[in-house]
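Right, one structure below, let's go through it.
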Amino acid sequence: MQRLIALLAVGIAGVAHAQARPQIGGAGGAAVNADHAYFEFQVDRPVSQATNSARPVYPQPLKKLGLAGQVEARFVVDTLGVPDTASFKVVTSTHDLFTGAVRSALPNMRFVPAEVKKRKVKQLVSQRFTFAPPKSG
C-alpha cells in the first residue's frame, strides 16, 4: 500500500502534498488535515459535481467537423466545492479545443466537497469530460 501511495504521489507531483498519507476511518484514525488534498480512496465521501454546476460547452469551430472527444483532467476541489484552477492538469485530450472548453468552464464549476469524518476536505479529482457533436435539427 505504501508503494502504491508513493507511486501516485510521484505521478502527480506538485498537486498533492508530499507528506505521509493519514490512515482514514476506524477508531484511532489520524486527525483530519484541512490543508491536505486527499485522494478519492482516502475520503469517506468523495467529491461530486453539483447539479447546478457549469459544464464545458462543445467548441463552435468543431461543429462542422462533428467530432466527438474527451478530456481527462485532474484538479483539486476545495472545502467549499470550488475547483483550484492553478492545480488543473490535462492527463489526456483528443483535441486542444476540447481542453480549452474544460479550462474555460472550470472556474464556474461547483462541486459537493469531499468529507472525512464528517469534515469537509480538499480532494484531488480525476474527471473525464466527454464531448458529443450537437445534433442538427
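Each reported figure results from applying straightforward, stated rules to the coordinates on display, with no laboratory input. Predicted model only: the values in this text are computed from it and were never measured. Cβ coordinates were reconstructed from backbone atoms using ideal geometry, including for glycine residues, and neighbour counts include every protein chain displayed.
Key figures for this structure:
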| item | result |
| --- | --- |
| In nm, spacing of pseudo-spin labels at SER48 and GLU72 (7 Å Cα→C-beta vector) | 2.4 nm |
| Cα-based reach from LYS122 at 20 Å (exclusive), listing aspartates and glutamates while leaving out same-chain residues under 8 positions away | ASP35, GLU40, ASP44, GLU72, ASP78, ASP84 |
| Chain lengthening between VAL112 and LEU80 when straightened (0.36 nm per residue, less Cα-Cα) | 10.7 nm |
| Sites LYS135 and ASN33 - FRET efficiency at Förster radius 41 Å, r taken between beta-carbons, to 0.05 | 0.30 |
| Enclosed volume per residue, in Å³, of the convex hull spanned by Cα atoms of the stretch 37-113 | 101 Å³ |
| Set of lysines with alpha-carbon distance to LYS117 below 29 Å, sequence-local pairs under 8 removed | LYS89 |
| Aspartates and glutamates with Cα under 15 Å of LYS63, excluding same-chain neighbours fewer than 8 positions away | ASP96 |
| In nm, spacing of pseudo-spin labels at LYS89 and ARG55 (7 Å Cα→C-beta vector) | 2.7 nm |
